[in-house]
Amino acid sequence: MTIHLFGKPARAGRLVRRYASARLEAVVERTARRYLVRGTVTGRPGRIEVFRTAAPREFLLNNWQSWGPMQRVTPSTRFPELEPIVRDRNPYLFSPLPDELLRGPVSDYFAAWDGGLAGFLTSRVGHPFFTVEGADLVGWIDYFDAEFKDPMAIEPLVVLKDGSAGTLLEEYGRRVKRAHRVRINPWNPVGWCSWYHYFGKLGWPDVLENLETAAGDRTSFHFDVFQVDDGYETDIGDWMSAKPGYPGVGGLAEAITERKFRAGIWAAPFSASETSRLFADHPGWMVSEGGRPKPCYKGWGKTIYALDTTHPEVKGWLEATFRALRKAGFSYLKIDFLFAGAMTGARHKKNVTPIQAYREGLRVIRRASGRDFVLGCGAPLLPSVGLVDGMRIGEDTAPYWKTRPSGFQGPNAYFALRNALMRQFMHRAFWLNDPDCLLLRDREIELTRHERELYALTAGALDNMIVDSDRLSLLGPVEKGLLGTALALRGGRARVGGLMGEFGEDIYLIESRRPGGGKARLAANLSDAAGSIGGRTIAPRSALRLEE
Ligand code: 9PG
């Protein structure tokens with residue numbers, strides 16, 4: 001692989017580059033199997049080319065945030081061919097980069113293929129990404145319009161060769177872990193979440209009913225945490241104010257902790273809706289453009305603005321809000337729509353990149369949350385490493401496999417599960433992976449029994465977080481048994497084979513080294529055709545446990 005670094009053939013040693021308005025100094029270390037590039041930049045670098053090589057015929061592309069895909073692409077894959085999650089209304093959701101860059105494939109943070117990987121180890125200041133230019137794969141760091149008076153460390157780049165894409169991703173994961181000194185929370189949660197049965201219509205009686213059911217059968221449900229999702233709050237931004245019919249945010253936590261569960265709550269802490277009290281009281285707290293709050297995205301039928309996390313009063317408010325939630329009794333905090341904190345726009349602090357601003361906000365939440373469990377969602381991935389305990393690593397699951405009965409194409413169980421397989425290398429390296437909820441019910445659902453089993457067993461074999469989202473009274477012995485089986489599969493060191501299509505399109509093999517020795521193997525067929533691994537046939541959309 002011929003490599004160019006900062007526009008010239010790569011060689012070990014020091015290098016200096018002068019740009020129109022910036023200066024870069026770097027050190028390139030080289031060993032037989034890798035390059036490591038570190039350095040500093042001063043001035044106003046804008047978008048700088050770091051890396052260039054011949055584009056591989058196929059590679060694994062990664063999107064910058066939780067809900068975006070990781071998927072196998074070719075250099076000619078066009079951006080709109082990517083997963084059809086609701087991106088039309090909210091283009092910003094999928095990238096902090098301007099539209100003209102998004103016509104071809106854009107891979108954020110890293111690109112991996114059989115035989116090679118190029119990946120940035122951090123995103124603390126800049127946004128690192130890869131594009132395809134003609135026949136080249138090009139790695140960039142975007143510094144937006146920030147200016148650095150003093151030398152600023154660039155995001156280190158590692159280039160690895162020799163090995164399958166899967167093996168190289170695991171090595172990249174270990175290096176990212178080391179670069180952030182990540183400490184993995186010893187508690188790998190098991191819990192319940194309200195969203196995928198009740199969605200926004202969650203009422204207080206629903207909460208009580210499920211609490212009673214969970215508390216009444218602890219041996220089947222095994223839940224440590226009971227998490228109330230979106231639906232309890234009066235508006236986006238007003239997190240301490242529960243809807244009429246609820247006993248208040250404090251009463252909600254109390255009802256849960258009284259029944260000896262950890263209480264979990266959902267919030268979108270960097271978002272404020274146009275109708276919220278937060279926005280009415282503090283329009284000056286929002287990221288702005290032309291002196292006015294800049295709309296960030298549409299949601300809940302409203303315009304949503306992004307909080308300026310560099311503003312001292314916003315930091316004070318974030319700190320106070322999370323301390324208040326914990327004081328009320330919550331100790332599991334699902335923080336969602338976090339990408340809003342990294343929107344481009346004008347902020348109180350000048351000369352910070354959107355990524356620095358995002359991390360300032362997330363650090364406040366991390367500090368205010370102490371040792372309680374923080375679950376990131378809708379979050380820029382690499383900038384969050386080291387600041388959250390768990391992370392959603394795919395888009396939302398759904399009570400149907402690919403298409404809604406209405407024909408609507410959007411988030412679905414298939415995309416969610418595929419991302420969990422693709423991003424397994426992040427598990428216990430970046431954080432604990434949240435593959436999104438298990439849906440086990442056999443009524444009020446479009447998933448077949450095999451599809452539900454496939455999801456649950458895969459999440460278990462991957463050793464991921466396990467959170468069920470059902471009306472619990474709908475679960476019978478079979479469904480409860482499946483939850484138990486999924487949980488029993490956890491606890492091993494799991495790796496995924498098949499990321500480059502080795503076993504056929506959308507067929508994966510999970511190999512899990514058990515703590516006491518021995519290996520468990522699960523074949524996961526996400527495709528619509530039968531497949532085979534080691535002579536065993538695996539039916540479409542189903543999982544098969546292979547003997548040790
Ligand atoms: C609550 C939900 C759940 C879910 C989260 C997140 O693009 N969109 O319009 C979009 C809407 C909702 C969404 C993701 C994307 O889901 O992932 O688990 O908490 O919010 O509103």
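Numerical summary
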quantity: Relative packing of 472-480, 259-267, which averages over residues the other C-beta atoms within 10 Å, highest first; calculated: 259-267, 472-480
quantity: Within-14-Å neighbourhood charge of GLU100 [Cβ basis; K, R +1; D, E -1]; calculated: 0
quantity: The stretch 180-189 - phi-based ³J(HN,Hα) in whole Hz, Karplus 6.51/-1.76/1.60, Gly and Pro as x; calculated: 9, 6, 5, 10, 7, 4, x, 8, 9, x
quantity: Whole-number percent relative contact order across the stretch 190-490, with pairs defined as alpha carbons under 8 Å at least 6 apart; calculated: 16
quantity: Percent carbon-and-sulfur accessible area, the chain, ignoring ligands, DNA and RNA, probe 1.4 Å; calculated: 50
quantity: Packing rank of 380-386, 9-15, where each peptide gets the mean count of other beta carbons within 10 Å, highest leading; calculated: 380-386, 9-15
quantity: Selection of GluC sites (Glu not before Pro), the stretch 396-477, meeting DSSP coil and at most 12 other Cβ within 10 Å; calculated: GLU444
quantity: Nearest-20 debye value, the stretch 190-490 charge dipole, Cβ charges on Lys, Arg, Asp, Glu; calculated: 840
quantity: Local net charge near GLU133, Cβ-Cβ under 12 Å (Lys/Arg +1, Asp/Glu -1); calculated: 0
quantity: Whole-number percent relative contact order across the stretch 3-180, with pairs defined as alpha carbons under 8 Å at least 6 apart; calculated: 26
quantity: Set of lysines with alpha-carbon distance to LYS349 below 24 Å, sequence-local pairs under 8 removed; calculated: LYS149, LYS294, LYS315
quantity: Global form of the stretch 143-276, assessed from the alpha-carbon gyration tensor, a/c cut-off 1.5; calculated: oblate
quantity: Given LYS161/LYS402; LYS201/LYS260; LYS161/LYS350, the pairs whose alpha carbons are separated by over 32 Å; calculated: LYS161/LYS402; LYS161/LYS350
quantity: Compactness of the stretch 22-178 as Cα Rg over 2.2 N^0.38 Å, two decimals; calculated: 1.02
quantity: Anisotropy class of the stretch 429-548 from Cα gyration tensor, a/c 1.5 cut; calculated: oblate
quantity: For SER164, solvent-accessible area (1.4 Å; no DNA, RNA or ligand), Å²; calculated: 50
quantity: Gyration tensor (alpha-carbon) shape descriptor, the stretch 1-71, a/c threshold 1.5; calculated: oblate
quantity: Residues with amide H under 5 Å from that of THR77, placed H, sequence gap 5 or more; calculated: none
quantity: Accessible surface, the chain, averaged per residue in Å² (probe 1.4 Å); calculated: 38
quantity: Whole-Hz couplings from phi, Karplus 6.51/-1.76/1.60, listed for the stretch 161-176; x for Gly and Pro; calculated: 9, 6, x, 6, 3, x, 5, 5, 4, 5, 5, 4, x, 5, 6, 5
quantity: Global size of the chain as Cα Rg and Dmax, reported in angstrom; calculated: 23.0, 68
quantity: Cβ-defined net charge surrounding ARG23, 13 Å radius [Lys, Arg +1; Asp, Glu -1]; calculated: +1
quantity: From phi via Karplus (6.51, -1.76, 1.60), per-residue ³J(HN,Hα) for the stretch 145-152 in Hz, x at Gly/Pro; calculated: 10, 6, 10, 10, 6, 9, x, 10
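The values are calculated or read from the model by the stated rules, or taken from the named source; none is laboratory data. As the structure is a computational prediction, the values presented were derived from the model and not from experiment. A quick note on method: Cβ atoms are made from the backbone with ideal geometry, for glycine too, and the neighbour counts reach across all protein chains shown. Each accessible area value is taken on the protein alone, full model and side chains, heavy atoms only, with ligands, DNA and RNA left out. Shrake-Rupley method; radii C 1.70, N 1.55, O 1.52, S 1.80 Å.
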